[in-house]
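S.K.: One structure is given below, represented as structure tokens, and several questions about it will come after.
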Amino acid sequence: MRLKPRLLFPLIIFLAVIAAVAYYVWPSSGNPSALWNIVSQKCVPNQQKNGQPAPCMQVDEQQGFVVLKDRVGPLQFLLMPTARITGIESPALLEDNTPNFFAQAWQARHYMADKYGKPIDDSNISLAINSEYGRSQNQLHIHISCLLPQVKNQLSEEVGQVGYRWQTLPEKLIGHTYLARKVSPAELSEKGAFRLLAEGVPEAREKMGHFGMAMVSLKGGDFLLLANQRNLLQLNNASTEEIQDHDCAVLN
């Protein structure tokens, strides 16, 4: 039986919507433990046996993290725990004795300049961690990479309207609604980015896995924390990595 044209078009639209939702709901293909295997089976054992962190750039067992050059982009690096922590949804991130991974990742930004061969202004650098639903790997990893030029420009225009409590940015970033708040280096060091989100945004503590987070530096030494919440109706999986440019056009 052939469908009438007036029935065929709605069916095509329906199937397209189903396909789009499936893309955002179903996990990506591949090995979600690939990064954890690199940390636990290569970097840490090699550091312990041979005093060499390879294939990582750094293994700091005392502080509980490794730094790995990502395969994507000339200057992108990943900071990951040496412990098995799946991601932003892990309750361990809100415990007092858990390392301050965002602060550690910011300190590790020097690897970008080391590889680039000359200094990189902090205004061009960003950190990002994707939500539980917007990532492909189940080992917590913070992306250390360049900031998209258009995001850098937009944030520089709007930062004057942002205070030290979470609020919605006046304009969407990359088509998505973002929360933002300023944070001093002292507060970042004392609280950590994950606790600042959990304690400052209603329902965030119970739904940490629904959020992605990012951080950029501000003039004067403060930082700007960004948070994006998953919204299936908007086909938004809270992949805050979207504010980054792994090709680093901002440096050209």
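The values are calculated or read from the model by the stated rules, or taken from the named source; none is laboratory data. Because the structure is a prediction, the values reported are computed rather than measured. With ideal geometry, Cβ positions are generated from the backbone for all residues, glycine too; neighbour counts draw on all protein chains shown. With ligands, DNA and RNA removed, areas are computed over all heavy atoms of the protein, side chains included. Shrake-Rupley method; radii C 1.70, N 1.55, O 1.52, S 1.80 Å.
S.K.: Does R181 satisfy the condition of being part of a strand (DSSP E or B), in contact with a strand residue (DSSP E or B) (Cβ under 8 Å, 6 or more places away or on another chain) and more than 20 Å from R109 (Cα to Cα)?
M.R.: yes
S.K.: Inside segment 163-178, can you point out the residues that are within 14 Å of V151 (Cα to Cα) and either touching a Phe, Trp or Tyr at 6+ places or on another chain (Cβ under 6 Å) or touching a residue at least 12 places away in the same chain (Cβ under 8 Å) (or both)?
M.R.: Across segment 163-178, the qualifying residues are L169, P170, E171, L173, I174, H176, T177, Y178.
S.K.: Can you confirm whether segment 116-138 contains a residue that is in contact with a helix residue (DSSP H, G or I) (Cβ under 7 Å, 6 or more places away or on another chain), without any contact (Cβ under 8 Å) to a residue 24 or more places away in the chain and more than 18 Å from L226 (Cβ to Cβ)?
M.R.: yes
S.K.: Can I ask one more? Give the number of residues within segment 227-252 that are open to solvent by less than 30 Å² (accessible area, probe 1.4 Å) and over 24 Å from P74 (Cβ atoms).
M.R.: Result for segment 227-252: 5.
S.K.: Still on this model: Name the pairs: first residue in segment 30-52 and under 14 Å from T86 (Cβ atoms), second residue open to solvent by 50 Å² or more (accessible area, probe 1.4 Å), Cβ to Cβ under 6 Å, at least 6 apart or on different chains?
M.R.: P32/N138
S.K.: Suppose we keep only residues that are open to solvent by 40 Å² or more (accessible area, probe 1.4 Å) and among the charged types (D, E, K, R) within segment 61-76. Which one would you say is farthest from the chain's Cα centre (by Cα)? First the steps, then the outcome.
M.R.: Taking segment 61-76 first, the residues open to solvent by 40 Å² or more (accessible area, probe 1.4 Å) are 61-63, 69, 71-72, 74.
Within this subset, residues satisfying the condition of being among the charged types (D, E, K, R) are 61, 69, 71.
Working: E61: 22, K69: 15, R71: 16 Å.
Checking each candidate, the answer is E61.
S.K.: Turning to a different aspect of this structure: Only one of (1) more than 20 Å from I144 (Cα to Cα); (2) open to solvent by 50 Å² or more (accessible area, probe 1.4 Å); (3) outside any loop (DSSP other than H, G, I, E, B) fails for A198. Which number is that?
M.R.: (2)
S.K.: Still on this structure, I have one more. Among the residues of segment 166-181, are any crowded, with 17+ Cβ neighbours inside 10 Å and β-branched (V, I, T)?
M.R.: Within segment 166-181, not a single residue is crowded, with 17+ Cβ neighbours inside 10 Å and β-branched (V, I, T).
S.K.: If you don't mind, there's one more thing I want to ask. Tell me, which helices (runs of 4 or more DSSP H) lie completely within segment 43-154 with 1 or more residues that are small (G, A, S)?
M.R.: 101-107, 110-116
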